[in-house]
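K.L.:
After the structure tokens below, expect a handful of questions from me.
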Amino acid sequence: MVALSTFDYLLIIAFFTITLSIGIYVSKKAGKNSSEFFLSGRTMPWWLLGVSMVATTFSTDTPNLVTDIVRTNGVSGNWVWWAFLITGLLTVFVYAKLWRKSNVNTDIEFYELRYGGAPATFLRKFRAVYLGVIFNVITMSAVTLAAIKIGGIMLGLEPWQTVISAGVITVVFSALGGFKGVVYTDFVLFFVAMGGAIGAAYYLVNIPEVGGIDKLIANEHVAGKLSILPDFSDTHALITLLIIPIAVQWWSSWYPGAEPGGGGYIAQRMLAAKDENHAIGATFFFNIMHYALRPWPWILVALASLVVFPDLASIQEAFPNVADDKLGHDLAYSAMLTKLPSGLLGLVLASLIAAYMSTISTQLNWGSSYMVYDFYKQQINPNASEKRLVAVGRLSTVVLMVLSALLALLLQNALQLFEILLVFGAGTGLIFILRWFWWRINAWSEITAMFASGIISIVLKLTPVGAYLFDAKTGVFEDYYQYPMVVLVTTAIWLLATYMTQPESKDILRGFYKKTQPGGPGWAKVIYEANEEAITLNDTNEGWSVPSGILAMLLGCILIYSCMFATGYWIYGNYNYALILTGTALISGFFLVKIWKKIRATIL
């Protein structure tokens, strides 16, 4: 537990005041209609939406998760989420313009644009509850769990005290300000969060116990954790930490914020953009900031924590009041923050509060949009007035906050939840990619994949079958086969269901193509049949932009990974690698600009 100075309290109070003021200021306009409350009238510029995406993913559980990963698997363990950059850049250069063209209110509304009949209606209704409530509540509970641990370690708060104090202000400004309040406050929250993370990393690396960057890198507890790539001689680590994320995970798994084909709160921001160009600009800015800028402050604190708290026993000894069911390596981040001085401590606490509020407010508004558009208006009251829709949105915001807070009190650590979410979405990601570009995908494809993935995951995670097949010591297979097996079986099941069921009707397929113009050989049959009936589906004579988009994605990956790893090598003092990677980033950036001009020409 740390003692906050008057200055620390003033910083935190000032931050809360600014945040609530923004929510109150925009509340009148946000409550005007549902489009304002959830999409801010589709008038948002790319830079504001991009900063909002970055702030949203800068949640309190992220530094804890990165700390857990680094302490457990080393820096290279972060490939479990670094691999999602591929997904993110495909969204930038391929899917962003498609989402904006669709002009739907939520990504769930997409289902009745792409599919038809009772299966589409069921899918929209089920996914609204499944994602808007179940997955959303689980995600928010992970963020709240991190806040509980920070409050317990740094301020000596009981879990319920942290939940109430952190949740009340967040839910108030979220319910009042709607999407515009979320985005405007995100702009403030981003700079506070980044300032706190960088300041904390710099100070903690240089405390006497650590002794600066050179001593940190040479420390016996840290030296084996520094590599950006896993040990290639360790087959298990190589497959688990690098090969599976790069070869399978990024395209096969649905995970909030990194959905194959775009979706979730990322899609919400693309739909709120002024036009396709602003949607693309926002998502590209987000990916650069998310992967190239942010990881290293967290990684440095995680590495420093190995010097000060080399194992769980040392954390428990330093903080004996932490309950056993909340003890984990992710606690090390909060434990290190207790060593910050007055002033910086207040800034860092404000930054963590900012991270919490940004993520929770986004999740609340996004989940509430599902409840309003895809459940209440669609299933309960189709003729609801705009005033009623806003009222339902505000009520569902409060309910989602309460549910996530209750679940957070039952959880133990962030990495545990991250792994569960990954496996539950395994095998569904390919559908979210192909449904834009292959006419044969239908509603039954998604329904089958969703249930197959969930059932298989439950069997493997919660029954003796999983232990029998994939136990690290006694299992029939190596444990790293579990995730690919879920993907393989789920994919086989939904492909079989696709060919066993009828395709979508001609009217649905033609309407979808006419509106979004996805292009590509996967729609050749639909276009040919329409042409035979003298129906024109292509609005322009432009060629298919996806090959250029994929090339831009590859160049973007080289650019951002080079920037991220060059930063690491500059920090490590390995200047040869740092210079090579910096040069690689500059060259790939040059060619990316040329490709981007070509893609942009197809949009204008």
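K.L.:
Take region 115-162 and flag every residue that is in a loop (DSSP other than H, G, I, E, B) and aromatic (Phe, Trp, Tyr). Break it down into steps so the answer makes sense when it comes.
P.N.:
Going through region 115-162, the residues in a loop (DSSP other than H, G, I, E, B) turn out to be 115-116, 156-158.
The one that is in a loop (DSSP other than H, G, I, E, B) and aromatic (Phe, Trp, Tyr): Tyr115.
K.L.:
List pairs: first residue in region 511-537 and at pLDDT below 90, second residue of a type in the set (S, T, N, Q) anywhere in the structure, Cβ distance under 6 angstrom, at least six positions apart or on different chains.
P.N.:
Filtered contacts from region 511-537: Thr516/Ser102.
K.L.:
While we're here: Tally the residues that are closer than 27 Å to Leu271 by Cα and in a helix (DSSP H, G or I), restricting the search to region 513-531. Walk me through how you get there before you give the answer.
P.N.:
Filtering region 513-531 for residues closer than 27 Å to Leu271 by Cα gives 513-523, 526-527.
Then keep just the ones that are in a helix (DSSP H, G or I); that gives 513-516, 521-523, 526-527.
Total meeting the criteria: 9.
K.L.:
Given (1) surrounded by fewer than 24 Cβ atoms within 10 Å (Cβ to Cβ); (2) closer than 27 Å to Leu293 by Cβ, where does Ile150 come up short, assuming only one miss?
P.N.:
The failed condition is (1).
K.L.:
Within region 207-226, can one find any residue that is surrounded by 15 or more Cβ atoms within 10 Å (Cβ to Cβ) and over 20 Å from Ala332 (Cβ atoms)?
P.N.:
Within region 207-226, the subset surrounded by 15 or more Cβ atoms within 10 Å (Cβ to Cβ) is 207, 210-211, 213, 216-217, 219, 221-222, 225-226.
Within this subset, residues satisfying the condition of being over 20 Å from Ala332 (Cβ atoms) are none.
No: region 207-226 contains no residue that is surrounded by 15 or more Cβ atoms within 10 Å (Cβ to Cβ) and over 20 Å from Ala332 (Cβ atoms).
K.L.:
What are the residues in region 275-308 that are surrounded by fewer than 20 Cβ atoms within 10 Å (Cβ to Cβ) and polar (S, T, N, Q), if any?
P.N.:
The one that is surrounded by fewer than 20 Cβ atoms within 10 Å (Cβ to Cβ) and polar (S, T, N, Q): Asn277.
K.L.:
Name the pairs: first residue in region 354-374 and without any contact (Cβ under 8 Å) to a residue 12 or more places away in the chain and within 19 Å of Ile134 (Cβ to Cβ), second residue among the polar types (S, T, N, Q) and part of a helix (DSSP H, G or I), Cβ to Cβ under 9 Å, at least 6 apart or on different chains?
P.N.:
Cβ pairs passing all conditions: none.
K.L.:
Is region 580-597 home to any residue that is at pLDDT below 85 and assigned to a helix (DSSP H, G or I)? Quick ask: steps written out before the conclusion?
P.N.:
So in region 580-597, the residues at pLDDT below 85 come out as 596-597.
Restricting the remaining residues to those that are assigned to a helix (DSSP H, G or I) gives 596-597.
Yes, there is a match, as at least one residue in region 580-597 is at pLDDT below 85 and assigned to a helix (DSSP H, G or I).
Every residue, every condition in (1) buried (at least 16 other Cβ atoms within 10 Å of the Cβ); (2) within 21 Å of Lys125 (Cα to Cα), yes or no:
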| position | (1), (2) |
| --- | --- |
| Ile441 | yes, yes |
| Ile447 | yes, yes |
| Met450 | yes, yes |
| Gly454 | yes, yes |
| Asp471 | no, no |
| Phe477 | no, no |
| Tyr480 | yes, no |
| Val487 | yes, no |
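K.L.:
Which numbered condition trips up Thr501, out of (1) in contact with a helix residue (DSSP H, G or I) (Cβ under 9 Å, 6 or more places away or on another chain); (2) without any contact (Cβ under 8 Å) to a residue 40 or more places away in the chain?
P.N.:
Result: Thr501 passes all but (2).
K.L.:
Just a yes or no: is a residue in region 68-88 among the β-branched types (Val, Ile, Thr), surrounded by fewer than 22 Cβ atoms within 10 Å (Cβ to Cβ), more than 30 Å from Arg388 (Cβ to Cβ) and modelled with pLDDT under 85?
P.N.:
Within region 68-88, none of the residues are among the β-branched types (Val, Ile, Thr), surrounded by fewer than 22 Cβ atoms within 10 Å (Cβ to Cβ), more than 30 Å from Arg388 (Cβ to Cβ) and modelled with pLDDT under 85.
K.L.:
Also, quick follow-up: Taking Ala492, is it out of contact with any Pro (no Cβ under 7 Å at 6 or more places or on another chain), surrounded by fewer than 16 Cβ atoms within 10 Å (Cβ to Cβ), under 25 Å from Phe126 (Cα atoms) and at pLDDT 85 or above? Walk me through how you get there before you give the answer.
P.N.:
On the way: out of contact with any Pro (no Cβ under 7 Å at 6 or more places or on another chain): yes; surrounded by fewer than 16 Cβ atoms within 10 Å (Cβ to Cβ): yes; under 25 Å from Phe126 (Cα atoms): yes; at pLDDT 85 or above: yes.
Taking the combined requirement at face value, the residue satisfies it.
K.L.:
Here's something else I'd like to know. Within region 529-536, is there a residue that is hydrophobic (A, V, I, L, M, F, W, C), loosely packed, with under 13 Cβ neighbours inside 10 Å and farther than 23 Å from Ile599 by Cα? I'd like the intermediate steps shown before the answer.
P.N.:
Of the residues in region 529-536, the ones hydrophobic (A, V, I, L, M, F, W, C) are 530, 534-535.
Still in the running and loosely packed, with under 13 Cβ neighbours inside 10 Å: 534-535.
Filter once more, keeping what is farther than 23 Å from Ile599 by Cα: 534-535.
Checking region 529-536: at least one residue is hydrophobic (A, V, I, L, M, F, W, C), loosely packed, with under 13 Cβ neighbours inside 10 Å and farther than 23 Å from Ile599 by Cα.
K.L.:
While we're here: Would you call Asp311 surrounded by fewer than 23 Cβ atoms within 10 Å (Cβ to Cβ), among the charged types (D, E, K, R) and modelled with pLDDT of 80 or more?
P.N.:
Working: surrounded by fewer than 23 Cβ atoms within 10 Å (Cβ to Cβ): yes; among the charged types (D, E, K, R): yes; modelled with pLDDT of 80 or more: yes.
The answer is yes for Asp311.
K.L.:
Suppose we filter region 447-481 for residues that are under 30 Å from Gln502 (Cβ atoms) and either over 23 Å from the mean Cα position of the chain (by Cα) or in contact (Cβ under 8 Å) with a residue 12 or more places away in the chain (or both); how many remain? Spell out how you get there, then give the answer.
P.N.:
So the first thing to find is which residues in region 447-481 are under 30 Å from Gln502 (Cβ atoms), and the list is 447-459.
Those still in the list that are either over 23 Å from the mean Cα position of the chain (by Cα) or in contact (Cβ under 8 Å) with a residue 12 or more places away in the chain (or both) too: 447-450, 452-457, 459.
The qualifying residues number 11.
K.L.:
Arg114 is checked against (1) closer than 23 Å to Tyr376 by Cβ; (2) modelled with pLDDT under 90; (3) of a type outside the set (A, V, I, L, M) and fails just one. What number does that condition carry?
P.N.:
That leaves (2) as the condition not met.
K.L.:
Is it the case that Gly181 is of a type outside the set (S, T, N, Q), out of contact with any Cys (no Cβ under 8 Å at 6 or more places or on another chain) and buried (at least 23 other Cβ atoms within 10 Å of the Cβ)? Break it down into steps so the answer makes sense when it comes.
P.N.:
Details: of a type outside the set (S, T, N, Q): yes; out of contact with any Cys (no Cβ under 8 Å at 6 or more places or on another chain): yes; buried (at least 23 other Cβ atoms within 10 Å of the Cβ): yes.
Yes: the conditions hold for Gly181.
K.L.:
List every residue pair whose Cβ atoms lie under 6 Å apart, where the two residues are 6 or more positions apart in sequence or sit on different chains, the first residue falls within region 74-86 and is within 18 Å of Phe232 (Cα to Cα), and the second residue, located anywhere, is buried (at least 21 other Cβ atoms within 10 Å of the Cβ) and not hydrophobic (A, V, I, L, M, F, W, C).
P.N.:
Sorted first by the residue in region 74-86, then by its partner, the pairs are Ser76/Pro230; Trp79/Pro245; Val80/Pro245; Ala83/Pro245; Ala83/Gln249.
K.L.:
Restricting to region 71-95, count the residues that are farther than 16 Å from Tyr291 by Cα and not aromatic (Phe, Trp, Tyr). Can you show your working first?
P.N.:
Filtering region 71-95 down to residues farther than 16 Å from Tyr291 by Cα leaves 71-74, 93-95.
Right, trim to not aromatic (Phe, Trp, Tyr) and you get 71-74, 94.
Summing the residues that are farther than 16 Å from Tyr291 by Cα and not aromatic (Phe, Trp, Tyr) in region 71-95 gives 5.
The values are calculated or read from the model by the stated rules, or taken from the named source; none is laboratory data. These numbers come from a predicted model, not from an experiment. Note that we place each Cβ from the backbone using ideal geometry, even for glycine, and neighbour counts take in every protein chain shown.
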